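**Q** I'd like to ask you about the structure that follows.
The values are calculated or read from the model by the stated rules, or taken from the named source; none is laboratory data. These numbers were taken from a predicted model, which means no experiment stands behind them. Glycine gets a Cβ as well: all are built from the backbone with ideal geometry, and neighbour counts include every protein chain shown. Ligands, DNA and RNA are stripped out before the accessible areas are found, and what is left, the full protein with its side chains, is counted by its heavy atoms. Shrake-Rupley method; radii C 1.70, N 1.55, O 1.52, S 1.80 Å.
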Amino acid sequence: QTYEGENTVMLLQTARYLHKVFNQKLPQSQLPGDVSYLASDFHKHIQSGAVRSQQFSDPHLLLEAYRQRARRLVEIASRRYQDGTGTGMDNVAAWNYSSVDWTVAARAHCHYAVLNAFQSALQTAEVNDNNLTILRALCSLYAVFGIVQYSGEFTMDGYLSTDQLSKAREHLYFLLRTIRQEAVPLVDAFDFHDQILNSALGRYDGDVYRHLYEWALRAPRNKTEVHETYKKYLQGVLKKNKAKL
């Protein structure tokens, strides 16, 4: 995100890159790996092969769903841009006309890129089987949560049916139950010491609110219940105004 906490600007920058690549119409072999899917065959009416909830942990099925979604949304945004130029708009006006669709497409592309990188990292990860199982569950959770959260973008052309979406949601709940048992060790795996965090909110023992209150009591400004500036500046003014009433 930007300094202000807003990431639309970066999404639009990504969108300009997608727009440029998509309109070059280059063969897949000549495109960078992260956008090579834009030159792949796009089947508008293809449907996911998931028939059981457990299949939503299949990495190939999940990646294909994200690829299909991103490819379709880029085409929709490009078509709106072309509609703008076709009605006489200049390039700037056509871009503004289609920028909402381009923002949606850029977000879908970023989700696909993250999932692709996550899965690729798992293929070469040098960890024991137990850790690998949890990491794979995390990867599936990322993907399935995105499908449920942005369900309209996965179902708008029939790629996922409402029944398949229900199975994805069912599998999401299963993954949450599985990962919940490992939530604390996963966070601890970042190995941030309490002294580095320097916050009661990051306590290892989870006893947050009592210690947060104790921290507040130890603050110099809270040595007394009423700060000295109240008596120095406000008390006299308030008494004076109260007397007038």
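**Q** Go through L132, L138, L176 for me and flag whichever is of a type in the set (A, V, I, L, M, F, W, C) and under 20 Å from R67 (Cα atoms).
**A** L138
**Q** Somewhere in segment 206-214, is a residue out of contact with any Leu (no Cβ under 8 Å at 6 or more places or on another chain) and closer than 29 Å to T133 by Cα?
**A** Checking segment 206-214: at least one residue is out of contact with any Leu (no Cβ under 8 Å at 6 or more places or on another chain) and closer than 29 Å to T133 by Cα.
**Q** Of all residues in segment 170-205, how many are open to solvent by 50 Å² or more (accessible area, probe 1.4 Å) and either in contact with a Lys or Arg (Cβ under 8 Å, 6 or more places away or on another chain) or free of Cβ contacts under 8 Å to residues at least 24 places away in the same chain (or both)?
**A** Residues flagged as open to solvent by 50 Å² or more (accessible area, probe 1.4 Å) and either in contact with a Lys or Arg (Cβ under 8 Å, 6 or more places away or on another chain) or free of Cβ contacts under 8 Å to residues at least 24 places away in the same chain (or both) within segment 170-205 amount to 22.
**Q** Further question on the same structure: Just checking, how many residues over segment 69-125 are in a helix (DSSP H, G or I), of a type outside the set (S, T, N, Q) and over 15 Å from the mean Cα position of the chain (by Cα)?
**A** 24
**Q** Same structure, new question: Is it fair to say E153 is in a helix (DSSP H, G or I), among the acidic types (D, E), farther than 24 Å from H109 by Cβ and touching a helix residue (DSSP H, G or I) at 6+ places or on another chain (Cβ under 6 Å)?
**A** So E153 does not fit the description; no.
**Q** Just to verify a result, which residue in segment 45-66, among those that are among the aliphatic types (A, V, I, L, M) and open to solvent by less than 10 Å² (accessible area, probe 1.4 Å), is nearest to Q164 (Cα to Cα)?
**A** My answer is A50.
**Q** Which of (1) closer than 15 Å to F56 by Cα; (2) assigned to a helix (DSSP H, G or I); (3) out of contact with any Phe, Trp or Tyr (no Cβ under 8 Å at 6 or more places or on another chain) is the odd one out, the single condition Y159 does not satisfy?
**A** (2)
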